[in-house]
Amino acid sequence: MIEINLTTKNREEFIDITEKLINVINQEIEKENIKDGIVIIYVPHTTAGCVINENADPSVKKDILEFLNTHIPRDKKYHHTEGNADAHIKASIIGNSLNLIISGGKVILGSWQGIFFCEFDGPRTRKIFVQVIKK
């Protein structure tokens, strides 16, 4: 298993981690001579997550954050009173894991797809775990 450390800079942000992840995954594919398999990406936090979405146009991640903040505002009265209830809800909606397919020794991603780490309660030091599984 591969562990990646990431330091976020803002309370809320989407960080494009595509290149970093693909490089790490490709090293593992080469090392283990993997032709076909799967990759599991896991974020072990309750106020952060990960998502695949368009990375060609930065306004997409801005739109997603604005939508989440409109529907899950930070200043609403929540039962969880530690001040980050909105972050827990946003992370639950986004999700904390992704699966990717390896075919022919390459990770399959669509032309416009990127992998984003989604921070909702930063800035913090975070972890991402990556497991590459050979078929």
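Taking the Cα of residue 19, stepping 7 Å toward and past its beta carbon, and measuring to each backbone N in the range 25-57: which are under 18 Å?
25-27, 53-57
Between residue 81 and residue 124, how high is the FRET efficiency from 1/(1 + (r/R0)^6) when r is the Cβ-Cβ distance and R₀ = 22 Å? Nearest 0.05. It would help to have the intermediate numbers written out before the result.
On the way: r = 20 Å, r/R0 = 0.90.
The value I calculate is 0.65.
Only Cα pairs under 8 Å and at least 6 apart count here; give the relative contact order of the range 2-134 as a rounded whole percent.
54
Calculate log10 I(q)/I(0) of the chain for q = 0.13, 0.14, 0.18, 0.19 Å⁻¹, where I(q) comes from the Debye formula with a single equal point scatterer on each Cα and nothing for solvent.
Calculated log10 I(q)/I(0) at the listed q: -0.57, -0.65, -0.98, -1.06.
Straight-line reach only, C-alpha to C-alpha below 20 angstrom: list the lysines that residue 9 could link to, leaving out same-chain residues fewer than 8 apart.
Filter leaves 20, 61, 62, 90, 127.
If a/c stays under 1.5 just call it rounded; otherwise compare a/b with b/c (prolate if a/b is bigger, oblate if not). Do that for the range 28-70, with a ≥ b ≥ c from the square roots of the Cα gyration tensor eigenvalues. Let's see the in-between values first.
Working: a/c = 4.44, a/b = 1.99, b/c = 2.23.
Taking the square roots of the gyration eigenvalues as a ≥ b ≥ c, the range 28-70 is oblate.
Within the chain, what's the longest stretch lacking chymotrypsin sites (Phe, Trp or Tyr not before Pro) that sit in DSSP loops with no more than 16 other Cβ atoms inside 10 Å?
Result, exposed sites excluded: 1-77.
Among 96, 47, 81, which residue has its Cα furthest toward the positive end of the charge dipole of the range 1-118, with +1 on Lys/Arg Cβ and -1 on Asp/Glu Cβ?
Positive-end residue among those listed: 81.
Could you tell me how far the Cα centroid of the range 86-105 sits from the Cα centroid of the range 42-58, in Å?
6
Every read-out reported here was derived from the displayed coordinates using simple, explicitly stated rules and does not represent laboratory data. Here the structure is a predicted model, which means the values were calculated and not measured. Because the Cβ atoms are built from the backbone with ideal geometry, glycine has one as well, and the counts that use them run over all protein chains shown.
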